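Sharing a structure below in structure tokens format, with a few things to ask.
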Amino acid sequence: MRTTLPIVSLTLILILIGASPTAIAQSPAPRSEASASAEEEIKALELKLADLIVRGQWDEYEKHLTSDYTHVATNGVLESKEETMTGFRKGPRTIIVMEPEDLHARTYGQTAIVQGKVTISWREAGRLSTKVERATQVFVKQDGQWFLAAEHETMLGK
């Protein structure tokens, strides 16, 4: 009897461990909600943010970021909200064109994910440069307003 109890216990534990991945795998994956109005709000905000960057309206731009906003630049550097805003305000570049395109937005309750391309032209040290990036942005809705919480950019080939 003494050896039977540990064997039964071990068997039950193994059955539970073995069943756990099956139970998890059968859980339905979250699906985006079809909310055309929310998706249009997000796309409009994305265009507004690009315009604020071109016009150098940093205080207004910053109002649309969460307090814990993060940005992963094309060089892989992770920046906080403060680092990003300092770069905008004091950086050597003047952004003259920022054109988001091919924007796709999905909403999950109070969260939205936007993916698209953006063409950016800037002047630095008297020289004009242009790049194209693929970007993913995460927005959250708080108190009825959308805020940019995180973004990640990847440089596309020339």
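Only the coordinates and a few stated rules stand behind these numbers; no lab work does. Being a predicted model, the structure only gives us computed values, none of them experimental. Virtual Cβ from ideal backbone geometry, glycine too; neighbours counted across all protein chains shown.
Could you rank the peptides 85-91, 105-111 by their average count of other C-beta atoms within 10 Å per residue, with the highest value first?
Descending mean neighbour count gives 105-111, 85-91.
Spelling out what I want: for every residue of the range 89-105, take phi, set θ = phi - 60°, compute 6.51 cos²θ - 1.76 cosθ + 1.60 (Karplus), and round to whole Hz; glycine and proline get x.
6, 10, x, x, 9, 10, 6, 10, 9, 9, 10, x, 8, 6, 7, 10, 10
For Ala44 and Glu83 in the same chain, what is the full-extension length gain: residue separation times 0.36 nm, less their Cα-Cα distance, in nm? Mind dumping the intermediate values first?
Numbers: separation 39, 0.36 × 39 = 14.04 nm, distance 2.52 nm.
Answer, rounded to one decimal: 11.5 nm.
Would you work out the relative contact order for the range 36-155, in percent, from Cα pairs under 8 angstrom that are 6 or more residues apart? Could you put the intermediate results ahead of the total?
Values: 221 pairs, mean separation 30.7, N = 120.
Contact order relative to length: 26 percent.
Please state the Cα pair-distance histogram of the range 36-155 with 10 angstrom bins from zero: what percent is in each bin?
13, 47, 33, 6, 0
For the pairs Lys117/Lys141; Lys63/Lys117; Lys81/Lys141, note any where the Cα-Cα span goes beyond 21 Å.
Listed pairs above 21 Å: Lys117/Lys141; Lys63/Lys117.
Just to check I understand the Karplus step: with θ = phi - 60° and J = 6.51 cos²θ - 1.76 cosθ + 1.60, what whole-Hz values come out for the range 125-141, glycine and proline as x?
Those phi angles translate into 6, x, 10, 9, 10, 9, 9, 10, 10, 9, 10, 10, 10, 10, 10, 10, 9 Hz.
Taking amide H positions as placed 1.01 Å from N in the peptide plane, with prolines and chain starts having none, which residues 5 or more places from Ser35, or on another chain, fall under 5 Å of its amide H?
It is Thr107, by chain and number.
Arrange the peptides 46-54, 119-127 so that the one whose residues have, on average, the most other Cβ atoms within 10 Å appears first.
Working: 46-54: 16.7, 119-127: 12.3.
Sorting 46-54, 119-127 by mean packing, highest first, produces 46-54, 119-127.
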